[in-house]
Amino acid sequence: CLERVSEAKPARRYRVALHPSPESIYRVFLNALAVMIAKVREVKTIEQRCMAILALPEAPLPLLNIAVNDPTTADVDATLSSTRRTVRQLLRWELEASLELERRFDEYAWLLSIDARGYGIAFLAGKITLEEERGRLRAKLEAEQQARRRKRGEDDDGDSDDGGSDGEDSASEQDGRRGRGHQPTMEEQLDIDPVPPSHERCFMELERFHLAAAEVERLCLAQEDLGLVRLSCGELRERLATKARAVRDAIMTQMLDRMREDGYDVDDGFSALLDRVRQAPRDEAELVALKEFIKESKATVARLGEATDSIHARLERMGAGFGFSAPKADVHAFWALKEWPTKLAMAT
């Protein structure tokens, strides 16, 4: 069967391995040869009392003294060595498909180390993308440092050819650089705040885990007959696919929380506009101010309408692409946002 093996328990890193291992399978088959050799060596020479006319050693000797580098049985030993090599080669061929499946499952072993809920919270908070951004920024800064080192090396080579006066100039340049103020270190530049991921980045992450679950389930059947080996991998396959979907659903749960917050902002924005529009003007100046407010609020209404459409687009995409079903209360609240433009138009 295929099973997960913890390499470092504190780090919760896993790998997928065949059980029993290929070496264990080799030993089972080669053990048959070892048993045969032991049985052959148990056949001893005829005892002295049965052939009294011959001077035989007191202790009986193996009749066929194989597997001990006896010159008299060199041809048999050569055949045994050839048989061992043949058995190993045949088993290697038989296990090739199993080892390939082990490798393909191992590509998804990283799923086992993820805490679904914690990952969803960290991702929507921007902590996961923060590490990615830091990695890109670190690579960029290291490339810039290497470029500066190369340029400094070229400048130093040129200074060494020009004599001592240029050395004084380079010292003055260094003094000038010191006067420019503190240059931030790489670690200081990498100390950036997390930024919540964009909506599209969220859907990319959903797609990644959604596809991982589907790809794991397509790797094999619950039991695979691979020639000499019957591989049982249903439990591991189900565990990996379940974890991938759990992480995907945890991300969608956090996305729904963000959509609720966006909905509250839209609701508050329209409510504030409606309250202002409903204030009856007491004189001509207030009437002019109200008309000016209504005119200027068109951009705000358009922005709030786009935010409403974004909420519904995300909800529809999550349902159609990933089977997400939002609670009825949230669905009703999101559809209620669509009523605000009509309410506002009726009030004006």
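The values are calculated or read from the model by the stated rules, or taken from the named source; none is laboratory data. None of the values given here were measured: they were computed from a predicted structure. No Cβ is skipped: glycine too gets one built from the backbone with ideal geometry, and neighbour counts run over all protein chains shown. These accessible areas exclude ligands, DNA and RNA; they are computed on the full protein's heavy atoms, side chains included. Shrake-Rupley method; radii C 1.70, N 1.55, O 1.52, S 1.80 Å.
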Test each condition in (1) surrounded by 21 or more Cβ atoms within 10 Å (Cβ to Cβ); (2) under 30 Å from Ser113 (Cβ atoms) for Phe270 and report the one that comes out false. (2)
With (1) charged (D, E, K, R); (2) under 17 Å from the mean Cα position of the chain (by Cα); (3) loosely packed, with under 15 Cβ neighbours inside 10 Å as the list, and Asp225 as the residue in question, which single condition is left unmet? (2)
Is it the case that the stretch 231-247 has a residue that's assigned to a loop (DSSP other than H, G, I, E, B) and either closer than 30 Å to Trp93 by Cβ or modelled with pLDDT under 90 (or both)? yes
The correct count of residues that are closer than 22 Å to Thr253 by Cα, of a type outside the set (Val, Ile, Thr) and either touching a helix residue (DSSP H, G or I) at 6+ places or on another chain (Cβ under 8 Å) or in contact (Cβ under 8 Å) with a residue 40 or more places away in the chain (or both) in the stretch 291-319 is 7
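Considering each residue of the stretch 273-290, count those that are open to solvent by 60 Å² or more (accessible area, probe 1.4 Å) and either in contact (Cβ under 8 Å) with a residue 12 or more places away in the chain or more than 17 Å from Met346 (Cβ to Cβ) (or both), and give that number.
Of the stretch 273-290, the ones open to solvent by 60 Å² or more (accessible area, probe 1.4 Å) are 275-276, 278-280, 282-285, 287-288.
From the residues that got through so far, the ones that are either in contact (Cβ under 8 Å) with a residue 12 or more places away in the chain or more than 17 Å from Met346 (Cβ to Cβ) (or both) too are 276, 278, 282-285, 287-288.
Residues meeting the conditions: 8.
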Listed by range, helices (runs of 4 or more DSSP H) wholly within the stretch 77-189 having at least 3 residues that are under 30 Å from Met259 (Cβ atoms), open to solvent by less than 70 Å² (accessible area, probe 1.4 Å) and modelled with pLDDT under 80 are 127-162
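Examine the stretch 85-106 for a residue that is more than 22 Å from Ser24 (Cβ to Cβ) and out of contact with any Phe, Trp or Tyr (no Cβ under 8 Å at 6 or more places or on another chain), and state whether such a residue exists. Walk me through how you get there before you give the answer.
Kept after step one, since they are more than 22 Å from Ser24 (Cβ to Cβ), are these residues of the stretch 85-106: none.
No, the conditions are met nowhere in the stretch 85-106.
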